[in-house]
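Remarks on the structure that follows.
The values are calculated or read from the model by the stated rules, or taken from the named source; none is laboratory data. Values in this document were obtained by computation on a predicted structure and should not be read as measured data. All Cβ positions, even for glycine, are placed from backbone atoms using ideal geometry, and neighbour counts span all protein chains on display. Side chains are part of the model used for accessible areas, which takes the heavy atoms of the whole protein and leaves out ligands, DNA and RNA. Shrake-Rupley method; radii C 1.70, N 1.55, O 1.52, S 1.80 Å.
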Amino acid sequence: MRSRPVEPGGEGAGGVPFDEFTLTGRARTHVQQYGQTPGQPRFAARPEVAAAFLAMRAAAGEDGIDMLPIASWRPFEAQARNWNRKFSGQATLYDCEGGARDHGALAPPDIVRAILDWTGLPGATRRHWGTDIDVFDRAAHPPGYRTKLLPDEAGPDGVYARLHAWLDMHAARFGFFRPYRTRRRGMCPEPWHLSHAPSAQAALAAIDIDMVARAVRGADLLGRELVLDMLPDIFRDHVLDVDGPDPGIGGG
């Protein structure tokens, strides 16, 4: 365990240190809630991440894109509820193409792997760091449309194609990158998932597997003992093996 808090580096970093409890979602002292001001989107994030995101949102708005958060900081308990719904079969498991999987045909280790294709392990997800935001473009919605966050939405013919083309060109200017840009050993590609490089890279350097193990052991988590057995592979594949930021945008 690291005993010294680690602060995010880079231009404009907020200086709120990470520790074991903020990194594993068991404290929220590093994040603030936004959305109380009229016209401001509702989300929770570290202050320096929020400032960068709101600047990026304003720039996108000048190009006719109404970029909004659909997911941001999430505490351990909420992530555990998501996990338990998927482990028990109450929520659908998807493959990387967005097709539904047959939960009943999967052995428990395969259920864990299927959950991890799209959902981070409680205690080991970037959702806890306050550095990551999922986005969509409200201006692109047809009447009655509900965002699914599945691959077809971000493709060349998808409802959010223009948003993702804009992010390809401009996200790095505001310090953001896509940690799940490509299919590596862990998550399926998530082009809508943005990380703020200076802060996210500091969090990645600060977290370790022992912190995650302590958080999981103390949780009411379905498949907990199996997860602990699989944790070395999970930590390697789903925490460490992500796409990094482009050189020069901070934290690289």
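Assorted remarks:
- If you bin all the Cα-Cα distances of the range 36-86 at 10 Å, starting from zero, the percentages per bin are 21, 44, 23, 12, 0.
- Solvent-accessible area, 1.4 Å probe, carbon plus sulfur percent, for the chain: 50
- Gain in span if fully extended, Arg217 to Glu97, counting 0.36 nm per residue against the direct Cα distance: 40.0 nm
- Shape category assigned to the range 141-252 from the gyration tensor of Cα positions, a/c cut at 1.5: oblate
- Annotation: peptides 108-121, 195-208, ranked by per-residue average of other Cβ atoms within 10 Å with the highest first, follow the order 195-208, 108-121.
- Solvent-accessible surface of the range 143-252, taken per residue with a 1.4 Å probe and all protein chains present: 47 Å².
- D (Stokes-Einstein, µm²/s), Kirkwood Cα radius, the chain, 1.567 mPa s at 4 °C: 70
- Shape category assigned to the range 41-169 from the gyration tensor of Cα positions, a/c cut at 1.5: oblate
- Computed helical MRE - 222 nm, the chain, DSSP H runs ≥ 4 contributing -39500 (n - 2.57), nearest 500: -10000 deg cm²/dmol
- Cleavage-rule hits (GluC sites (Glu not before Pro)) in the range 57-110: DSSP loop, at most 12 neighbouring Cβ within 10 angstrom: Glu97
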